[in-house]
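The values are calculated or read from the model by the stated rules, or taken from the named source; none is laboratory data. Please read all numbers here as calculations on a predicted model, not as lab measurements. All Cβ positions, glycine included, derive from the backbone under ideal geometry; neighbour counts span all protein chains shown. Calculation scope for accessible area: heavy atoms of the full protein, side chains included, ligands and nucleic acids excluded. Shrake-Rupley method; radii C 1.70, N 1.55, O 1.52, S 1.80 Å.
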Amino acid sequence: GASLAAKWSWLNQGSAARTVGSGIGSMSIPSNGDNIRAIIQAAPSGDFTVMCKHSVLAPFVNYFGGGLILYNNTSGKLIYLGQSVRAVNSYMQVAKWNSTTSFSAEPYLILWNPCRYIKITRVSGVLTFYVSDDGVAWVNVFSENQSVFLSSVTHIGLFTQRNNTDGKIYYADFDWFRVTE
């Protein structure tokens, strides 16, 4: 819809905005230095799968990203899986952040096509990150017990990230988002 449903809230919104058109939701990626912008909702208490189809519409000039996010509202830490557009190519990335403005680690990065199906599962406390070209055949790219970095997952959602100050706004498009328990 044109506005966020009650179960959604912004995390570090800043000047980011969300729009809907032709069945696709877009989140702006404002010009800024190392900031995560996200819309999040409460995570299921047990096992879950969260998926989306997305693309990041940005030139190969610096660091832009978008995709799925897992967040712990007590520690402020987060892990995301998504597209990372860099100076020369587009990659799929798993990245850990100590906060929405403090990068921690990048346990997975691989050259990949720009439009992606992605999913994250939590089964018995283990987080597993997957990518797919078609939404049918999935490749496991990273797994870790959630207690290693996040301790718990309180929220799930969609994010954008940017580390570039060229003064322009770019976009991440999300065709769909799904959570199953």
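Note on region 75-144: semi-axes of the ellipsoid equivalent to its C-alpha gyration tensor, largest first and rounded to whole Å, are 20, 18, 8. Residue-wise HN-Hα couplings along region 124-131, as the Karplus relation 6.51 cos²θ - 1.76 cosθ + 1.60 with θ = phi - 60° gives them from phi, are 6, x, 9, 8, 10, 10, 10, 10 Hz; Gly and Pro carry x. Rounded to the nearest whole Hz, the Karplus-based 3J(HN,Hα) values (6.51 cos²θ - 1.76 cosθ + 1.60, θ = phi - 60°) of region 94-111 follow the sequence 10, 9, 10, 10, 6, 6, 6, 10, 10, 5, 10, 7, 10, x, 8, 8, 8, 4, with x at glycine and proline. Here region 58-104 is described by how far its Cα atoms reach on the three principal axes: 36, 17, 14 Å, from widest to narrowest. Using the 1.4 Å probe convention, the accessible area of the chain works out to 43 Å² per residue with neighbouring protein chains retained.
Taking amide H as placed 1.01 Å from N in the peptide plane, Y108 has its amide H under 5 Å from the amide H of V94, each at least 5 places away in sequence or on another chain.
Need one number: the % of Cα-Cα pairs in region 118-181 sitting beyond the 20 Å mark.
Details: 887 of 2016 pairs.
So the pairs more than 20 Å apart make up 44 percent of the total in region 118-181.
Stokes-Einstein diffusion coefficient for the chain at 4 °C in a medium of 1.567 mPa s, Rh from the Kirkwood formula over Cα pairs: what value in µm²/s? So the translational diffusion coefficient is about 81 µm²/s. Among 144-153, 75-84, the peptide with the highest mean count of other Cβ atoms within 10 Å heads the list, and the full ranking is 75-84, 144-153.
By the rule of a C-alpha distance below 19 Å, with chain neighbours fewer than 8 residues away ignored, the aspartates and glutamates paired with K168 are D34.
With the full set of protein chains in place, find how many percent of the accessible area of the chain is carbon and sulfur; take the probe as 1.4 Å. Provide the component values of the computation, followed by the final result.
Details: 3910 of 7730 Å².
Within the chain, the accessible surface is 51 percent carbon and sulfur.
Segment A87..N145, full-extension length gain: 17.7 nm, with 0.36 nm per residue of separation and the alpha-carbon distance subtracted.
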